[in-house]
Amino acid sequence: MMKKRLFTVVYLFPLFFILSVSAQTPAISTDKPVEIRERANGNVVTSIPPHTVLTLMQVADGWAQVRWSVSGDNQQEQVGWLEAELIEITGSSSLSSSIKRNFIAKSQDCAWHRPGRGKVCVDTRDAILDCRKAATAEFWQRCEVKVSYDIFSELREAMDVEVGVECDIEIEYKLEDSFNWKKQENNQQDTHQVMANNRSEITLTSLFQFSEYEQVTNVKIENLDCEISTR
């Protein structure tokens with residue numbers, strides 16, 4: 001039984017990037033002008049207005065190469081790079097049947113285990129957001145968040161321990177023709193048997209579902225926090 005909280009170390013840095021996107025017309029998802037670079041993480045060469053319609057060419061290492069038209073007498077197309085997290089998928093007809101996104105959120109939470117005279121900890125590494133829709137549907141209907149974490153113990157007594165883990169997972173999603181994000185949160189709990197002074201890799205899955213009337217066009221993980229439970 002966990003008796004008291006030992007300490008919590010959190011070093012969150014939500015590195016959010018698109019792993020696979022098949023839409024053809026993403027739009028800038030910020031209300032400010034966006035800097036365009038000559039190459040991934042290169043020099044800034046220009047900026048474009050918010051909500052500019054773009055054609056996505058490729059995504060690599062958190063950077064997206066895009067193409068857009070410049071208005072004028074002689075309309076021309078330009079190509080440049082921007083941070084991938086600034087683009088969102090717009091237009092339900094262009095949505096693929098699935099989308100995967102990764103969320104890096106490193107944190108550690110520990111609690112004192114009195115019988116074992118030591119601590120047990122959970123190390124949260126990352127989570128994968130996997131959204132899908134039915135073959136005949138135009139909008140996202142359900143998303144799975146698969147959280148990866150390690151459970152380990154540092155005990156003076158040679159014994160197996162039961163470790164409870166509780167994860168709070170928050171996603172944000174957008175509806176068609178809306179620039180505002182809505183939130184949905186799940187609390188997922190699990191119990192694990194851990195050998196003394198050993199480490200185990202765990203994957204926990206949490207399901208998010210949307211109403212057929214919501215018409216969800218974009219989803220992302222907003223926050224992730226896993227702790228040792230006190231039961």
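Structure notes:
- Within region 106-203: Cβ-based charge dipole about Cα centre, in debye rounded to nearest 20 (Lys, Arg +1; Asp, Glu -1): 160 debye
- Close amide H contacts of Val45 (hydrogens built in the peptide plane, cut-off under 5 Å, sequence separation of 5 or more or a different chain): Ile36, Arg37, Glu38.
- In this rough spin-label picture, where each label sits 7 Å from Cα along the Cβ direction, the Thr52-Glu138 distance is 2.8 nm.
- Between Glu157 and Lys106, the C-beta separation translates, for a Förster distance of 22 Å, into a calculated FRET efficiency of about 0.15.
- Amide H partners (placed H, <5 Å) of Asp126, local residues excluded: Ala105, Ser148
- Annotation for region 101-159: trypsin sites (Lys or Arg not before Pro) lying in DSSP loop with at most 15 further Cβ atoms inside 10 Å of their Cβ are Arg117, Arg156.
- In Hz, Karplus ³J(HN,Hα) per residue of region 178-184 (6.51, -1.76, 1.60; θ = phi - 60°; x = Gly, Pro): 9, 9, 9, 8, 10, 10, 9
- Placing a label point 7 Å from the Cα of Glu172 along the Cα-to-Cβ direction, the residues of region 184-222 with a backbone N closer than 20 Å are 184-187, 208-211, 214-222.
- A Förster radius of 22 Å combined with the Cβ-Cβ distance from Ser200 to Arg117 puts the calculated FRET efficiency at roughly 0.60.
- Beyond 27 Å in Cα-Cα separation lie the following of the pairs Lys119/Lys182; Lys106/Lys183; Lys32/Lys133: Lys119/Lys182; Lys32/Lys133.
- Counted charge near Gly62, where neighbours are those whose Cβ lies closer than 9 Å (Asp, Glu -1; Lys, Arg +1): -3
Throughout, read-outs are computed from the coordinates displayed, never taken from laboratory work. Keep in mind that what you see is a predicted model, and the values were worked out from it rather than measured. Neighbour counts are summed over all protein chains in view; Cβ atoms, including those assigned to glycine, are modelled from backbone coordinates with ideal geometry.
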